[in-house]
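What follows is a single structure, written as structure tokens, with notes after it.
The values are calculated or read from the model by the stated rules, or taken from the named source; none is laboratory data. Here the structure is a predicted model, which is why all the values come from computation and not from measurement. Note: ideal-geometry Cβ built from the backbone for every residue, glycine included; neighbour counts use all protein chains shown. Accessible surface is based on the protein model in full, side chains and every heavy atom, while ligands, DNA and RNA are left aside. Shrake-Rupley method; radii C 1.70, N 1.55, O 1.52, S 1.80 Å.
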Amino acid sequence: VRIWTADSARLSLVDFTLRPATSEDEPFLWEVLYQSIHVRAGDEPLPRTILDDPPIAHYLAGSRPGDDAVIACLDDGSPVGAAYCRFFTVEDPSYGFVSADVPEVGMAVLAEYRGRGIGRALLKSLLARQPTMSLSVDTDNLPARALYDSLGFVEVGQDGTSITMLRSGDSDVT
Ligand SMILES: CC(C)(COP(=O)(O)OP(=O)(O)OC[C@H]1O[C@@H](n2cnc3c(N)ncnc32)[C@H](O)[C@@H]1OP(=O)(O)O)[C@@H](O)C(=O)NCCC(=O)NCCS
């Protein structure tokens with residue numbers, strides 16, 4: 001079920017391409033991390049300083065073996081969305097941590113470009129290289145949950161309003 005937004009009537013197809021992220025994409029990836037933090041309806045926007053909080057910053061700070069990220073760009077090269085994944089540890093787990101050998105994925109598409117297939121393309125691109133991944137999603141975040149369900153992620157835990165989902169590499173959903 002698609003939840004139509006006030007902007008939905010203006011939705012149209014948009015040409016975009018996917019490419020691997022480079023070090024020059026780092027500022028955009030931080031913006032994507034900021035936008036990926038769910039704010040419940042009626043809540044105040046989060047201060048951007050939340051990106052300095054260790055449990056948030058460790059999604060992108062520095063680099064780690066196995067890091068992967070893909071960027072969606074318009075024809076003029078401007079980035080409009082990204083998905084990235086990283087391995088975490090038992091000592092320093094992420095919100096959607098399931099084990100040290102399963103990376104967690106995070107993603108966002110800029111608001112004005114959502115609902116045009118970019119998020120699905122980004123996630124499928126990462127899954128093609130890393131078919132086993134976990135994630136954390138808010139119970140309220142129905143668009144994201146619908147996308148994850150459709151690509152084979154299943155709920156494996158819940159802590160308050162955060163659901164942990166896991167996609168097995170054996171999943172035949174693509
Ligand atoms: C989640 C997000 C990345 C999806 O990106 P997107 O480009 O809008 O997604 P797509 O257009 O590729 O749609 C993919 C699927 O998402 C779901 N979806 C997207 N928009 C939806 C909406 N408004 N209502 C319900 N489902 C929706 C559908 O299952 C859709 O599949 P379909 O096109 O076959 O119906 C995007 O909504 C976003 O950036 N949200 C804010 C940040 C965020 O929540 N990140 C995830 C944190 S866990």
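Take the conditions at pLDDT 95 or above, within 13 Å of the ligand (Cβ to nearest atom), open to solvent by less than 60 Å² (accessible area, probe 1.4 Å) and in contact with a Ser or Thr (Cβ under 9 Å, 6 or more places away or on another chain) and apply them to Val70. Does it pass? Steps first, answer last, please.
Working: at pLDDT 95 or above: yes; within 13 Å of the ligand (Cβ to nearest atom): yes; open to solvent by less than 60 Å² (accessible area, probe 1.4 Å): yes; in contact with a Ser or Thr (Cβ under 9 Å, 6 or more places away or on another chain): yes.
Yes, satisfied.
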Exercise for the section: Name every residue in region 78-99 that is of a type outside the set (Ser, Thr, Tyr), part of a loop (DSSP other than H, G, I, E, B) and more than 12 Å from the ligand (Cβ to nearest atom), in order of residue number. Expected result: Phe87, Phe88, Val90, Glu91, Asp92, Pro93, Phe97, Val98
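Select from region 6-36 the residues that are hydroxyl-bearing (Ser, Thr, Tyr) and open to solvent by less than 60 Å² (accessible area, probe 1.4 Å) and write down the one among them that is modelled with the lowest pLDDT.
First, the residues of region 6-36 that are hydroxyl-bearing (Ser, Thr, Tyr): 8, 12, 17, 22-23, 34, 36.
Of the ones still in play, those that are also open to solvent by less than 60 Å² (accessible area, probe 1.4 Å) are 8, 34, 36.
Numbers: Ser8: 46, Tyr34: 98, Ser36: 98.
Going through the qualifying residues, I end up with Ser8.
Can you confirm whether region 92-99 contains a residue that is among the aromatic types (Phe, Trp, Tyr) and over 21 Å from Asp149 (Cα atoms)? Please lay out each step first, then the result.
From region 92-99, those among the aromatic types (Phe, Trp, Tyr) are 95, 97; that's our starting set.
Checking the rest, the ones that are also over 21 Å from Asp149 (Cα atoms) come to none.
Checked region 92-99: no residue is among the aromatic types (Phe, Trp, Tyr) and over 21 Å from Asp149 (Cα atoms).
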Practice task
Starting from region 142-165, take each residue that is within 17 Å of Gly119 (Cβ to Cβ) and of a type in the set (A, V, I, L, M) and list its partners that are part of a strand (DSSP E or B) and open to solvent by 50 Å² or more (accessible area, probe 1.4 Å), counting only C-beta distances under 8 angstrom and pairs at least six apart or across chains.
Solution key: Met165/Val154; Met165/Glu155; Met165/Val156
Problem - Inter-residue pairs, beta-carbon under 7 Å, first touching a residue at least 40 places away in the same chain (Cβ under 8 Å) and in region 27-48, second of a type in the set (S, T, N, Q), 6+ apart - result: His38/Asn141
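Looking at region 133-167, which of its residues are of a type in the set (Val, Ile, Thr) and surrounded by 16 or more Cβ atoms within 10 Å (Cβ to Cβ)? Working first, answer last.
We begin by selecting, within region 133-167, every residue of a type in the set (Val, Ile, Thr); these are 137, 139, 154, 156, 161, 163-164.
Once the filter is applied, which keeps residues that are of a type in the set (Val, Ile, Thr) and surrounded by 16 or more Cβ atoms within 10 Å (Cβ to Cβ), region 133-167 yields Val137, Ile163, Thr164.
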Exercise for the section: Could you check Arg64 against (1) within 15 Å of Leu29 (Cβ to Cβ); (2) touching a Gly at 6+ places or on another chain (Cβ under 9 Å) and say which number it fails? Expected result: (2)
Completion exercise
Cβ pairs under 9 Å, 6+ apart or interchain, first in region 12-25 and assigned to a helix (DSSP H, G or I), second aliphatic (A, V, I, L, M) and surrounded by 10 or more Cβ atoms within 10 Å (Cβ to Cβ), ordered by first then second residue, are Asp25/Ala69; Asp25/Ile71; Asp25/Ala82
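Does Pro55 fit the bill of being over 25 Å from Thr132 (Cα atoms) and either surrounded by 12 or more Cβ atoms within 10 Å (Cβ to Cβ) or not small (Gly, Ala, Ser) (or both)? Quick ask: steps written out before the conclusion?
Numbers: over 25 Å from Thr132 (Cα atoms): no; either surrounded by 12 or more Cβ atoms within 10 Å (Cβ to Cβ) or not small (Gly, Ala, Ser) (or both): yes.
The answer is no for Pro55.
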Problem - Count of region 46-99 residues which are within 14 Å of the chain's Cα centre (by Cα) and among the basic types (Lys, Arg) - result: 1
Handout entry: Residue list for region 100-152, filter: in a helix (DSSP H, G or I), more than 9 Å from the ligand (Cβ to nearest atom) and small (Gly, Ala, Ser)
Key = Ser125, Ala128
Handout entry: Options Ser171, Ser136: the member that is more than 19 Å from Val32 (Cβ to Cβ) and among the hydroxyl-bearing types (Ser, Thr, Tyr)
Key = Ser171
